[in-house]
Each structure stands twice: as C-alpha cells, then as structure tokens.
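Where a number appears in this text, it was derived from the coordinates with a stated rule and is not lab data. This is a predicted model, so every value here is computed, not measured. No Cβ is skipped: glycine too gets one built from the backbone with ideal geometry, and neighbour counts run over all protein chains shown.
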Amino acid sequence: MEYFAITDIGNVREQNEDCFFCKDNLFIVADGMGGHAAGEVASKTAVETFVENFFLDNKIKKINIDDIEKPDTKKNENLKNITSENLKKLLQNLMLSSISKTNKKVYELSLKNPEYNGMGTTFTACYIINNLAGVVHVGDSRVYLKNDKSFRLLTQDHTVVWQMYKKGIISYEETFSHPFRNYLENVLGVYQKLKPDFFTFKVSSGDILILCTDGLNSMVKDEKINEIIESNLKIKNKNNKNLKNDKNELKGELQGEFKGELKYELKDKLKYEPKKDYFENIPVKIANNLVSEAKKNGGLDNITIIVIAI
C-alpha cells in the first residue's frame, strides 16, 4: 500500500483550516469551520484527539485477518474468539468510541474560549487492516473508491443540499450552485451528542481510495475526478510495459507539499529494475493533478486530498 497527502489553501481563502493525518494505516481528513482561527483549531484538535484515542488501546493493529478463521491463540491472545464479523464490530466500537471522545473534546474547548464558540469540523477517518477498511464519517468530506469495476462515492454528505439531491428535488448539477450547498446538518464539535456514519468494505490490490475535503468535490465533478485517476493509471500501465522492454536508464521525480512546516520533496533517479514499479508515485501524481484541477476551476476553498493505492 502506498499513499500521498496534500493540502492547499486554494485561490481565495486567507488561511487553511483543513487538517489531515496519514500513519499506521489510519487516514483522516478534517475541514474546520468557525470565525478567526477557530476552524483551524477545531480540525487540528479533532485529528489529534482521535489519533490519540484510536491508538491508545488498538488491539486490532496486532491482528492478521488471514489468521482469523483458524486463530493460533498461543502466538497471539488477541485472536481469541475473533471472527471476520466480530472484527468488524471491534473496529466499529473503536472508531465510534474515538470519535465520540473527539467530539467531546472539541465541544468542551468551544465552551471554554469565547473565540471558539460554535466552532466545528467535518471529520472522515479510514482505517485499513489487510483487505478490510472501516470508515467513520461526519460532515461533507468524502471517501471515493476506484477499482477495475467502478468509481464510487462511499460516503454521504451531511448537508441540506445532499438530502435534496437524494430526494430528487434537485439535480447533481444543481448541487454545485444551490444557495444552501454549504449548510451542514452534522458537524463534529458543535453539539454535545454526535451521530456519525460508520461502515466497512473490502479492498483489493489495485484499488485506489481518495479521501478529500469539499474543496475538491465542490470544484471538480465526480466524472472528472474519475477521469484524472484513470489517466494516471493508464500512464502507469503503459510505462510498466515499457519497463519490460527498455533497459535504458529511467529517471523519475517525486514532488509533493504538505501543510505548513511539513514539506515533502523527493527527487530520485531510478535505473532499470524489472521488479521495481517505476510509477510507485501514482498517488502523488493523482493528488497533484486533482488539486490543480480544483484550483483551475476556482479554488474557492481549502483543498485536502489523500490518495491511497492498495
């Protein structure tokens, strides 16, 4: 599994209120809201609190799904009485418990400081263990899944406009310009109680997962997002074939930019190696191309994208 994350302030905003996390198979995007710096505080606090609680007692991390049906409890006590179904339940309990504590933290922080009153954040987290992925979701950030069969939006936006679209009141095209498009119905940290979505799904080798804030999908239609992903995958396939026939020296370049002081830049020259995939940086290319498209179309909001290649 390879991944790449990028965040961009966009063309209009004066500050970036998005936040993300990528480590140990846990991926998070959060889009903060609130006056002054409150949005940035909300998203950053949410990500930090969730990560802390999620890894505090994560027994799932020690489980290999391949061993679940025939567990060797002598080697790993965590496999005792574990099946595929109650592994999903264990993951559900862990993610829901973590986001509940996160909501409490952000909510209480907003009450203590008048400047943070009413602040909140969208929050979408995905945890992957072998071929199982679990998602906990609040707000209008998104998770997309691209495989050899389809390109699908897995999450539902918790917005007034999305409900109107689901009921057939407005078209998909109208969701981009409707005056209520930014009205959220479910936000982390605004209320004492939270009702997040949770679901699991299977992932396979070759799948591409996209986590993003609405700075992407409010500027770029789903069809175009899919087109950009496919165009990079076609380049990968084409050049993989060239690798097998061309033993000349190959030169590649990886470039990406992370938030604030966290900057990432890697330049590497690759010589021909039959077992090495020249386009291991596909997530980088997809992420950068998606950001470029969002900014070309206006870049009205902060843009944060995580691309995961299974």
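Here are some notes:
- Taking 230, 40 and counting other C-beta atoms within 10 Å, the order from fewest to most: 230, 40
- Pairs over the 23 Å Cα-Cα cut-off, from the set 23/195; 101/195; 234/285; 105/221; 149/221; 23/112: 23/195; 105/221; 23/112.
- Residue 11/residue 59 FRET efficiency (R0 41 Å; Cβ-Cβ; nearest 0.05): 0.40
- Spherically averaged projected area in nm², based on the convex hull that wraps the Cα atoms of region 95-168: 7.0 nm²
- Simple spin-label estimate for residue 192 and residue 174 in nanometres, 7 Å along Cα-Cβ: 3.8 nm
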